[in-house]
Amino acid sequence: MSQSELTFMFHFGAIPQRIISHWWFTVNCCALLSFLISGIWEAAVPIPVATGAPQPFSQTKQWANPNGDSGRIRLRVTWGGATAEQWQGHVAIDQGNFSNLQILTTTPDAAGSIMMIGDRIEVENGSRTYFGGADITVNYSAGGQLAIQLGNQNADLERPIFTVPIEDVLNDPIFFDLDQHGNRLVIDRVAGDRLPVRFQKDHLVFEPGEEFAFELFANRVGWGLQNANCQIEIDSASAIRPATGLGGLGMAAYWPARGAGLKHNRQSFSIPLNENGSSEQRLIRWTAPSIEGVYQLTIELAPTWQQAAKGNQRAVQRKIQFVVLDRSQSRDATEDSSTPKWKPMETLV
């Protein structure tokens, strides 16, 4: 197998073949693949790596300015929810700019219906849709405000402009009614934006026992000027989401028992937060479990009990799922029945 190939394989040694029907096999394989995709897509922000030696973490670009009023956050702006409309409007910012637009609208013409033009996000749907939205990275200065105007392009009524200070959306989502039909505009931070995590690898598939590292920092968590308590824990996905399915097997065949293959599964330490609720980057080193399976990395940042007693200081948590696969076990078992039986699902070249 070449280094450029990534083969997804699933173990069937302990499962009688007569139990596994086609639909069960397909659903569970899709579920396992979704864990991998969610870990890469939502949970991790890859570090740009130059050709040659890996780029040191100390040379990576700071995501947010921990010592100033300016910063960078990832927002999710969505609209609709009640009736299908041809949406038209824009999203603008007065002190800052946008980058990294990711369209969430699912219509066939979505790619051309939401575009970033200069410092504005222009919206103009060619077809009617119940839902529209986009994830946007917002680089802002102190006092920055969003101005959003959205409505049905065929309606005679003038579309209102909603003005939202960036500071108002840092801690809680903002809701606006767009029309009398029940369509709404929602502005919120993307999941995981308060605790950004950066892996140097561009995927979350590890070898058993592989050493890996990631950067973690707080980004406008909503409370600050204290040493927050941070706890990181790794455990099997089966311990978090018990598997059930045909014959009681479900995905349990791919999930090790709680704590299996882990030399240590928990780290605790303090992270100093400034008055903005942000911190410097912290390098975390870990060792992947020694047993194949789907695992979950849980990160929680909580105020000290003295600060929590003052109220309005909620713990911040995010979860990252990753996969441990052993390439050396990916051989055919036809010659030796004692070796694990694997069945390649798909090979990406």
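The values are calculated or read from the model by the stated rules, or taken from the named source; none is laboratory data. From a predicted model like this one, the values you see are computed outputs, not experimental measurements. Glycine gets a Cβ as well: all are built from the backbone with ideal geometry, and neighbour counts include every protein chain shown. For accessibility, only protein heavy atoms count, side chains too; no ligands or nucleic acids. Shrake-Rupley method; radii C 1.70, N 1.55, O 1.52, S 1.80 Å.
For the range 301-318, what are the residues that are of a type outside the set (A, V, I, L, M), out of contact with any helix residue (DSSP H, G or I) (no Cβ under 8 Å at 6 or more places or on another chain) and crowded, with 16+ Cβ neighbours inside 10 Å? Outline the logic, then answer.
Start the filter on the range 301-318 by keeping residues that are of a type outside the set (A, V, I, L, M), which leaves 303-307, 310-314, 317-318.
Restricting the remaining residues to those that are out of contact with any helix residue (DSSP H, G or I) (no Cβ under 8 Å at 6 or more places or on another chain) gives 303-307, 310-312, 314, 317.
Those that are of a type outside the set (A, V, I, L, M), out of contact with any helix residue (DSSP H, G or I) (no Cβ under 8 Å at 6 or more places or on another chain) and crowded, with 16+ Cβ neighbours inside 10 Å: Pro303, Gln307.
When the residues of the range 128-156 are narrowed to those that are at pLDDT below 90, assigned to a loop (DSSP other than H, G, I, E, B) and over 22 Å from Ile166 (Cβ atoms), which ends up most open to solvent (accessible area, probe 1.4 Å)?
Asp156
Considering only residues of the range 216-252 that are touching a Gly at 6+ places or on another chain (Cβ under 9 Å) and part of a helix (DSSP H, G or I), which is modelled with the highest pLDDT?
Ala237
Given the structure, is Ile291 of a type outside the set (Ser, Thr, Tyr) and modelled with pLDDT of 90 or more?
No, not satisfied.
Looking at the range 70-127, which of its residues are in a strand (DSSP E or B), among the β-branched types (Val, Ile, Thr) and under 25 Å from the mean Cα position of the chain (by Cα)?
Once the filter is applied, which keeps residues that are in a strand (DSSP E or B), among the β-branched types (Val, Ile, Thr) and under 25 Å from the mean Cα position of the chain (by Cα), the range 70-127 yields Ile73, Val77, Thr78, Val91, Ile93, Ile103, Ile114, Ile121, Val123.
What pairs come out if I take residues in the range 174-187 that are in contact (Cβ under 8 Å) with a residue 12 or more places away in the chain and pair them with residues that are in a loop (DSSP other than H, G, I, E, B) and of a type in the set (Gly, Ala, Ser) whose C-beta lies under 9 Å away, six or more apart or interchain?
Matching pairs, first to second residue: Asp179/Ala155.
Can you say whether Leu195 is under 22 Å from the mean Cα position of the chain (by Cα) and buried (at least 17 other Cβ atoms within 10 Å of the Cβ), as far as the supplied structure shows?
yes
Is it the case that the range 285-303 has a residue that's in contact (Cβ under 8 Å) with a residue 24 or more places away in the chain, more than 25 Å from Ser236 (Cα to Cα) and outside any strand (DSSP E or B)?
Yes, the range 285-303 contains a residue that is in contact (Cβ under 8 Å) with a residue 24 or more places away in the chain, more than 25 Å from Ser236 (Cα to Cα) and outside any strand (DSSP E or B).
Enumerate the pairs (first residue in the range 227-246 and charged (D, E, K, R); second residue anywhere and open to solvent by 80 Å² or more (accessible area, probe 1.4 Å) and at pLDDT below 85) with beta-carbon separation below 7 Å, excluding pairs fewer than 6 apart on the same chain, so at least 6 apart or on different chains.
Final answer for the pair search is Asp235/Arg258.
Looking at the range 313-324 only, could you name the residues that are in contact with a Gly (Cβ under 8 Å, 6 or more places away or on another chain) and either free of Cβ contacts under 8 Å to residues at least 40 places away in the same chain or of a type outside the set (Phe, Trp, Tyr) (or both)?
If the condition is that a residue be in contact with a Gly (Cβ under 8 Å, 6 or more places away or on another chain) and either free of Cβ contacts under 8 Å to residues at least 40 places away in the same chain or of a type outside the set (Phe, Trp, Tyr) (or both), then Gln313, Arg314, Val316, Arg318, Ile320, Gln321, Val323, Val324 are the ones that fit.
Can you tell me how many residues within the range 276-291 are open to solvent by 50 Å² or more (accessible area, probe 1.4 Å) and farther than 20 Å from Gly192 by Cα?
Qualifying residue count for the region: 2.
Give the range 168-192 a look and list any residue that's open to solvent by less than 60 Å² (accessible area, probe 1.4 Å) and assigned to a strand (DSSP E or B), or say none.
Ile174, Phe176, Leu185, Val186, Ile187, Asp188, Arg189
Look at the range 158-167 and say how many of its residues are without any contact (Cβ under 8 Å) to a residue 12 or more places away in the chain and exposed (fewer than 13 other Cβ atoms within 10 Å of the Cβ).
Qualifying residue count for the region: 1.
Could you count how many residues in the range 78-92 are among the hydrophobic types (A, V, I, L, M, F, W, C), in contact with a Gly (Cβ under 6 Å, 6 or more places away or on another chain) and buried (at least 17 other Cβ atoms within 10 Å of the Cβ)?
Here the count works out to 2.
I need the full set of residues from the range 98-117 which are more than 22 Å from Pro160 (Cα to Cα) and either of a type in the set (S, T, N, Q) or free of Cβ contacts under 8 Å to residues at least 24 places away in the same chain (or both), in order please.
Ser99, Asn100, Gln102, Thr106, Thr107, Pro108, Asp109, Ala110, Ala111, Gly112
Would you confirm, using the coordinates I've provided, whether Gln145 is more than 19 Å from Gly277 (Cβ to Cβ) and free of Cβ contacts under 8 Å to residues at least 12 places away in the same chain?
For Gln145, the condition - more than 19 Å from Gly277 (Cβ to Cβ) and free of Cβ contacts under 8 Å to residues at least 12 places away in the same chain - is not met.
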